[in-house]
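Asks: First the structure, which I've put down as structure tokens, then a few questions once you've had a look.
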There are 2 protein chains.
Amino acid sequence: MKNIEVVVAPEITPNYEVEGKLVVIIDIFRATTTIVTAMANGVKEVKTCLEVEDCIALKKQGFIVGGERDGVKVDGMDVDNSPLSFLDGTYAHQKFAISTTNGTKAIDMSLKAKEIIIGTFANLSAINEYINLSDLDVLLVCAGWKGKMSTEDFMFAGAVIASLPEQYCSADSADIAKSYFLKYVSNYKEKLDTCEHAFRLKKLGKQDNIDFCVQKDLYKIVPKYNTITKTFVL
Amino acid sequence: MKNIEVVVAPEITPNYEVEGKLVVIIDIFRATTTIVTAMANGVKEVKTCLEVEDCIALKKQGFIVGGERDGVKVDGMDVDNSPLSFLDGTYAHQKFAISTTNGTKAIDMSLKAKEIIIGTFANLSAINEYINLSDLDVLLVCAGWKGKMSTEDFMFAGAVIASLPEQYCSADSADIAKSYFLKYVSNYKEKLDTCEHAFRLKKLGKQDNIDFCVQKDLYKIVPKYNTITKTFVL
């Protein structure tokens, strides 16, 4: 029987068995949605950076770089952190580096995993298909917010688990996430529109980002971490 | 507006603002249930210990000491960790030290709080009344299991929040816990009977402990941490 668990914030990843597992990184608002959208629109590889400076430094290696602080594109960055910036294909065939604190922490804490993939509502069905075809136990690692649990990431974890067959045994964290998603299955978008991070994005005038990030199954791709290039590729 | 948040495991407590808050320590199976039951049955103060050896050493200071490993009372201990051991009042007027890893961690991580109290289903209404009468923001710190989220503690956190008036603003963690409890409000006992920790207790033949720990409102007491004696008192 395969096992699936949910890590609600990167900081407690060390308490879970990571080695040999399939890890799904979840940062709905907005890093993993932006990564999936960028790659679905032609970006060929994506690197995540903890610090803005590390990100900007990657320009020398030919990366398009993206980052915001307080909702405004940082000086020296080519793009902001919005998935919407990639919809017109401007950055197709380019390498993209994104500055994201919580998302990068989630990846850094998961490096002992057998495989690391990127999940968001936009590729939910593709993620489920990938998990189903894999023999590995699964860890859904939520980026959360500054080490705290966040609704949007936990809701997505629940959406993943709710679609899996019963062959997965239910750890407490997985069972709670699944219950939570199923409670809101018919109105999860409205629920996510009122969570803490949604309010932060609204204050920055980014309602369009929220609306985009909660849409299911826009793309059929699964970005996967390459341990040699240390980037996500298809 | 008062704020309430849920910390799913002691290890992420540092990511939450603890200073100046009212912290409720939650370890349903079984430390906080045992502490509340012991004190409701006459035990005058309770100390928690991370290590069995530290606990046994307290016998010299006149403490009755309790601890189990793999469900069996540890050599040198006076009692096990079961709340049922205190029901007949044998230990009334005594001091009790309990060896509990996750519960002690939860307390140790919360020492900067303004007040620390002990919560469990057995004193749910008393906890709610205490929170309502307090002006402090609240942190519900779940002991969890080895740094992981656990159903019984998170469910209780949700039960606390579900009973509070709307004056508490809803952080994501609080909203998820409340939603989770409300989903199972009519059958939370059955739900808790199937969680990971319940299965561990069943394997040890402790169904009677599970059944006792999920009962609401047996006692009207709120054990509170005394920073001078470093024990819980009434």
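Asks: I need the peptides B:164-175, A:143-154, B:97-108, A:21-32 ranked by packing, meaning the mean over residues of other C-beta atoms within 10 angstrom, with the highest value on top.
Replies: Result, highest mean first: A:21-32, A:143-154, B:97-108, B:164-175.
Asks: Can you compute 3J(HN,Hα) from phi for each residue in segment A:150-166, using the Karplus curve 6.51 cos²θ - 1.76 cosθ + 1.60 with θ = phi - 60°, rounded to whole Hz and x for Gly and Pro?
Replies: Listing the rounded values in order: 10, 4, 5, 6, 5, 4, 5, 4, x, 5, 5, 5, 4, 8, 8, x, 5 Hz.
Asks: To continue, here is another question. Which whole-number percent is the relative contact order of segment B:4-224 (Cα, under 8 Å, 6+ apart)?
Replies: Details: 459 pairs, mean separation 74.7, N = 221.
34 percent.
Asks: Show me, bin by bin at 10 Å from 0, the whole-percent P(r) of segment B:4-224 based on Cα pairs.
Replies: P(r) over segment B:4-224, rounded to whole percents: 9, 36, 38, 15, 2.
Asks: Per residue of B:142-151, how many C-beta atoms from partner chains lie within 10 Å of its own C-beta, taken as a mean?
Replies: Mean partner shielding for this stretch: 5.
Asks: Another one. Among A:T34, A:I228, A:A113, whose Cα lies farthest out toward the positive end of the dipole of the protein assembly as shown, if unit charges sit on the beta carbon of Lys, Arg (+1) and Asp, Glu (-1)?
Replies: A:I228
Asks: Antiparallel DSSP bridges in segment A:4-224: what percent, to the nearest 5? Write out the running numbers ahead of the final one.
Replies: On the way: 4 of 29 bridges.
Counting only bridges with both partners in segment A:4-224, antiparallel ones make up about 15 percent.
Asks: Here's another thing I want to ask about it. Placing +1 at every Lys and Arg Cβ and -1 at every Asp and Glu Cβ, with all other atoms neutral, what dipole size does segment A:4-224 have around its Cα centre, in debye to the nearest 20?
Replies: Values: 25 positive and 31 negative charges, 82 e Å.
It comes to approximately 400 debye.
Asks: Next up: Over the residues of the protein assembly as shown, compute the C-alpha Rg and express it relative to 2.2 N^0.38 Å. Please report the intermediate quantities before stating the final value.
Replies: Working: Rg = 23.5 Å, N = 468, 2.2 N^0.38 = 22.8 Å.
For the protein assembly as shown, the normalised Cα radius of gyration comes out at 1.03.
Asks: Let me confirm one metric for peptide B:6-14, namely the mean number of other chain beta-carbon atoms within 10 Å of its residues' beta-carbons.
Replies: On the way: counts 2, 3, 8, 6, 1, 6, 10, 1, 2.
The per-residue average across the peptide is 4.
Asks: Further question on the same structure: Over chain A, what percent of the accessible surface lies on carbon and sulfur atoms, probe 1.4 Å? Working shown, then result.
Replies: Values: 4530 of 9130 Å².
C and S fraction of accessible area: 50 percent.
Asks: Computed on protein heavy atoms with a 1.4 Å probe, what is the summed buried accessible area for the chain pair B and A, in Å² to the nearest 100?
Replies: Details: alone 10310 and 10320 Å², together 18250 Å².
Result for this pair: about 2400 Å² buried.
Asks: Could you do me a favour and compute the accessible area per residue for segment B:4-224, 1.4 Å probe, result in Å²? Each step should come with its number before you reach the end.
Replies: Working: 8190 Å² over 221 residues.
Here the per-residue accessible area is 37 Å².
Asks: At 222 nm, what value in deg cm²/dmol follows for chain A if DSSP H runs of at least 4 each add -39500 (n - 2.57) and the sum is divided by all its residues, to the nearest 500? Numbers along the way, then the final one.
Replies: Values: 9 runs with 78 residues, N = 234.
Dividing the helical sum by the residues of chain A leaves -9500 deg cm²/dmol.
Asks: I would also like to ask the following. Could you work out the local net charge near B:V52, counting Lys and Arg as +1, Asp and Glu as -1, over the other residues with Cβ closer than 10 Å to its Cβ?
Replies: Working: positive: B:R69; negative: B:E51, B:E53, B:D54, B:E68, B:D75.
So the surrounding residues net to -4.
Asks: In whole angstrom, how far apart do the alpha carbon centroids of segment A:34-64 and segment A:1-25 sit?
Replies: Cα centroid to Cα centroid, the span is 25 Å.
Asks: How many nm is it between the label spots at B:K230 and A:D217, if each spot is 7 Å from the Cα in line with the beta carbon?
Replies: Rounded to a tenth, the inter-label distance reads 5.8 nm.
Asks: Which whole number gives the average count of other chain Cβ atoms within 10 Å of the Cβ atoms across peptide B:181-193?
Replies: Values: counts 0, 1, 5, 1, 0, 0, 0, 0, 0, 0, 2, 0, 0.
Counting Cβ atoms of other protein chains within 10 Å of each residue's Cβ and averaging gives 1.
Asks: Within the set A:K148/B:K148; B:K44/B:K230; B:K2/B:K47, which residue pairs have Cα atoms separated by over 25 Å?
Replies: Details: A:K148/B:K148 14 Å; B:K44/B:K230 13 Å; B:K2/B:K47 30 Å.
Too far apart for the 25 Å limit: B:K2/B:K47.
Asks: For chain A, can you list the cysteines whose C-beta has no other cysteine C-beta under 4.7 Å from it?
Replies: A:C142, A:C169, A:C195, A:C213
The values are calculated or read from the model by the stated rules, or taken from the named source; none is laboratory data. This structure is a prediction, so every number in the text was calculated from the model and none was measured. No Cβ is skipped: glycine too gets one built from the backbone with ideal geometry, and neighbour counts run over all protein chains shown. The protein model used for the area step is the full one, side chains on, heavy atoms only, and it has no ligands, DNA or RNA in it. Shrake-Rupley method; radii C 1.70, N 1.55, O 1.52, S 1.80 Å.
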